[in-house]
There are 2 protein chains.
Amino acid sequence: MNSEIKKIAIIGLGYVGLPLAIEFGKKYSVLGFDINQLRIDELSNGKDRTNEADLEGLKLAMGLAANCEGKGLTFSSNSSDLIPYNVYIVTVPTPIDQFKAPDLTPLLKASEMLGKVLKNGDIVIYESTVYPGCTEEDCVPILEKNSGLKFNIDFFCGYSPERINPGDKVNTLTKIKKVTSGSTPEIADVVDALYSSIITAGTHKAPSLKVAEASKAIENAQRDVNISFVNELALIFDRIGIDTTDVIEAAGTKWNFLKYKPGLVGGHCIGVDPYYLAHKAESLGYHPQVILSGRRVNDNMGMFVANKVVKLMINKGQTIKGANVLILGVTFKENCPDVKY
Amino acid sequence: MNSEIKKIAIIGLGYVGLPLAIEFGKKYSVLGFDINQLRIDELSNGKDRTNEADLEGLKLAMGLAANCEGKGLTFSSNSSDLIPYNVYIVTVPTPIDQFKAPDLTPLLKASEMLGKVLKNGDIVIYESTVYPGCTEEDCVPILEKNSGLKFNIDFFCGYSPERINPGDKVNTLTKIKKVTSGSTPEIADVVDALYSSIITAGTHKAPSLKVAEASKAIENAQRDVNISFVNELALIFDRIGIDTTDVIEAAGTKWNFLKYKPGLVGGHCIGVDPYYLAHKAESLGYHPQVILSGRRVNDNMGMFVANKVVKLMINKGQTIKGANVLILGVTFKENCPDVKY
């Protein structure tokens, strides 16, 4: 990282990338990049169908660019527009495939594209949730291959896990402490300073990329395991014939009891991230029992609820075949739009 | 419960029963009963080898009895001394056998003994950790058989799970909110009022014995599962080659991350109680995946540590066979004596 003047490109403008582009855009020259031209067109017109962005901030950041102030936010879906930038932040999705295995396609495609624009001194920071080791073992070789540059000599990497809580208007990007890391101690300082300049809640500099990657993977896995525990309780108490809510309320009067509630888990994170950690563990010969049993229990809760409904219908003498079922409230999270392009 | 004047006998004077006997003894006429004559002799001399009791309180409660004030604490190992009492609180241990199945022997023996002294209007309150349904399905039939009395007509039951935290001098009996319950709504009120008279932190009246039983079983199971999760992480991160403490520190900067630490679990509670819940679940045809995978991981941590030590010794070129190993700090909990009679 030779240049003191940081020009930042954000790769992927979903609910993670867009707020980041806006905040950095208020202070730096920022390109918001997405392969989806429709998304770029909408954002260029100040419209965000994810409802995550601060639209006033978006207008402000775009205005700074329009006034040629040397900072501000512009948008593009053309990868050649990435060339003038020196910090690339990757915020593409990391989903799982139909076999619950990590699907790194968007991450590796983004790395391939960045490899082709990478220059001496550039930094690539990943924010996408991955398993520990993914940046160095999966992304870096692609960056090297496509750029012809050498990692930690010609270019560098950072990892700073996104902690966006979709639908949460209180704990927003700048108000959530951010974990940072870099591929060398010097780059770790640069990455940390960069995020510190926009995150008012402060940063936590992790000792390595792997530690930063792992820290994100375990956050959602812990939540998944805790929800699976109360879901398992709900399955047991259903058979015993007592109300799980009553039991949790009583146990909750102890100072250290954690009041998780049974229910479905979904979305991009809790039902997905634990598989990344499990995948890595399996590759190293360890079968994660707690994490995967939690996934199994949570994944089967929909089936449990459906079975319950069918039994209740049978008990009421209703005809199951051909019956209509009204499903209410089946969203990823309350007040989060279903974003489709 | 006809008599307004409550005379309370505590069955089992371990780290649960003794503090209870002392607190009740300050306000009521209380008999502290234990089958161990040596324990009775020591307590009668103001000595408590569990270190849990408030010795000043013990002296005070015993003094009240000695002065014939109609309240105060006396001790006995003779079951015929139990006859004049009308509230019996059972605080005997509920361990597991070598097959990790609940060993109800002390609980059932205590119930058998109480059945023989039970009179019209008496209340038997259990504090021992059990699975939901144990009081009504396992203990009540023994009480009925040995007394010839009818449950909920001639005598009644309560369940109020102990929440003693051994070695903790801050969260002591009277300062921890207590869950109460009774076998009828009226008896639930009596049990709740009784505990309210000594627990300054207040009580929580659960809607049924089963709910109160379940609330205790899940408290320690939740802790066990959470520790097993970080233990599983430690096993994975050991293979990845990163420090689990670093990862937990980074993840802990998120507001909702729970900072459990990897390690061994032991003692009377965390490594035992989950098997009670699991046992009941299995009897109802549900195999608890999350709870038992947690138990497996935690039970194997000792082996993991031992293997690590052997590998480190091999790496240092030491001879394993015949080597001496110094084990430090292997206690149930810090500052808790190993109580043996």
Notebook entry, point to check: What FRET efficiency would be calculated for the residue pair A:Ile5, A:Leu38, taking the C-beta separation as r and a Förster radius of 35 Å, to the nearest 0.05?
Noted result: 0.65
Next item on the list: With the Cα gyration tensor of the range A:155-204 in hand, convert its eigenvalues to equivalent ellipsoid semi-axes via √(5λ) and list them largest first in whole Å.
Entry: 23, 11, 7
Check: How high is the relative contact order of the range A:235-341, in percent, counting Cα pairs under 8 Å that sit 6 or more residues apart?
Finding: 20 percent
Next item on the list: Grab the DSSP H runs of chain B that are 4 residues or longer, score each as -39,500 (n - 2.57), total them, divide by all residues and round the 222 nm result to the nearest 500 deg cm²/dmol.
Entry: -13000 deg cm²/dmol
Next item on the list: Give the angle, between 0 and 90 degrees and rounded to the nearest 10, that separates the Cα long axis of helix B:185-196 from the longest principal axis of the Cα atoms of chain B.
Entry: 70 degrees
Notebook entry, point to check: In which sequence would A:Glu232, A:Glu136, A:Glu162, B:Glu334 go, from the one with the fewest C-beta neighbours within 10 Å to the one with the most?
Noted result: B:Glu334, A:Glu136, A:Glu162, A:Glu232
Checklist line | Rounded to the nearest 20 debye, dipole of the protein assembly as shown from Cβ charges on Lys, Arg, Asp, Glu | finding: 60 debye
Notebook entry, point to check: When we measure straight from the Cα of A:Lys316, which lysines land under 27 angstrom away, once same-chain ones fewer than 8 places off are left out?
Noted result: A:Lys308
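So how do B:Val211, A:Val290, A:Val309 line up by other beta-carbon neighbours within 10 Å, fewest first?
In increasing order of surrounding Cβ atoms, one gets A:Val309, B:Val211, A:Val290.
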Next item on the list: State which entries of A:Lys27/A:Lys116; A:Lys7/A:Lys178; A:Lys177/B:Lys261; A:Lys216/B:Lys261; A:Lys26/A:Lys47 exceed 24 angstrom in Cα-Cα distance in the structure shown.
Entry: A:Lys27/A:Lys116
Next item on the list: State the extension gain, in nm to one decimal, for the chain segment bounded by B:Leu55 and B:Gln98, taking 0.36 nm per residue of separation less the distance between their alpha-carbons.
Entry: 11.9 nm
Next item on the list: Kindly give the distances from B:Val309 to its copy-mates, label point to label point, with each label point 7 Å from Cα along Cα→Cβ, as nm values to one decimal ordered shortest first.
Entry: 5.5
Next item on the list: Using a 10 Å cut-off on Cβ to Cβ distances, tally the other chain neighbours for every residue of B:224-230 and report the average as a whole number.
Entry: 5
Check: How far apart are the A:Pro337 label points across copies, placing each 7 Å from Cα toward Cβ, in nm, shortest first?
Finding: 6.8
Next item on the list: Taking chain B as the reference, fit the longest principal axis to its C-alpha atoms, fit the long axis of helix B:105-117 to the helix C-alpha atoms, and give the angle between the two in degrees, 0 to 90, nearest 10.
Entry: 0 degrees
Checklist line | Residue exposure sequence - A:Phe24, B:Phe257 - by fewest surrounding Cβ within 10 Å | finding: B:Phe257, A:Phe24
Checklist line | Charge-dipole axis of the range B:213-264 as Lys and Arg at +1 and Asp and Glu at -1 on Cβ define it, positive-most pick from B:Val247, B:Asn231, B:Ser215 | finding: B:Ser215
Notebook entry, point to check: Nearest-to-axis residue of chain B, judged by Cβ, for the B-to-A rotation, with distance in whole Å?
Noted result: B:Ser293, 2
Next item on the list: Specify the angular offset, from 0 to 90 degrees and rounded to the nearest 10, of the alpha carbon long axis of helix A:289-299 from the longest principal axis of the alpha carbons in chain A.
Entry: 70 degrees
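Relative contact order for chain A: what percent, with Cα pairs under 8 Å and sequence separation of 6 or more?
This gives 14 percent for chain A.
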Check: How far apart are the B:Asp138 label points across copies, placing each 7 Å from Cα toward Cβ, in nm, shortest first?
Finding: 4.7
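Could you tell me what fraction of 2.2 N^0.38 Å the Cα radius of gyration of chain A comes to, as a two-decimal ratio?
So chain A has a normalised radius of gyration of 1.11.
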Next item on the list: Just tell me which aspartates and glutamates come within less than 14 Å, Cα to Cα, of A:Lys311; anything on the same chain fewer than 8 places away is out.
Entry: A:Asp238
Margin query: Which one, A:Thr184, A:Leu104, A:Gly72, projects farthest toward the positive side of the charge dipole computed for chain A from Cβ point charges (K/R +1, D/E -1)?
Written below: A:Leu104
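Just tell me how shielded A:154-165 is by partners: mean number of partner chain Cβ atoms within 10 Å of each residue's Cβ, no decimals.
1
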Checklist line | Only Lys, Arg (+1) and Asp, Glu (-1) charged, at Cβ; chain A dipole about Cα centre in debye | finding: 700 debye
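Each reported figure results from applying straightforward, stated rules to the coordinates on display, with no laboratory input. Model, not experiment: these values are computed from the prediction. Note that each Cβ is placed from the backbone with ideal geometry, even for glycine, and that neighbours are counted across all protein chains shown.
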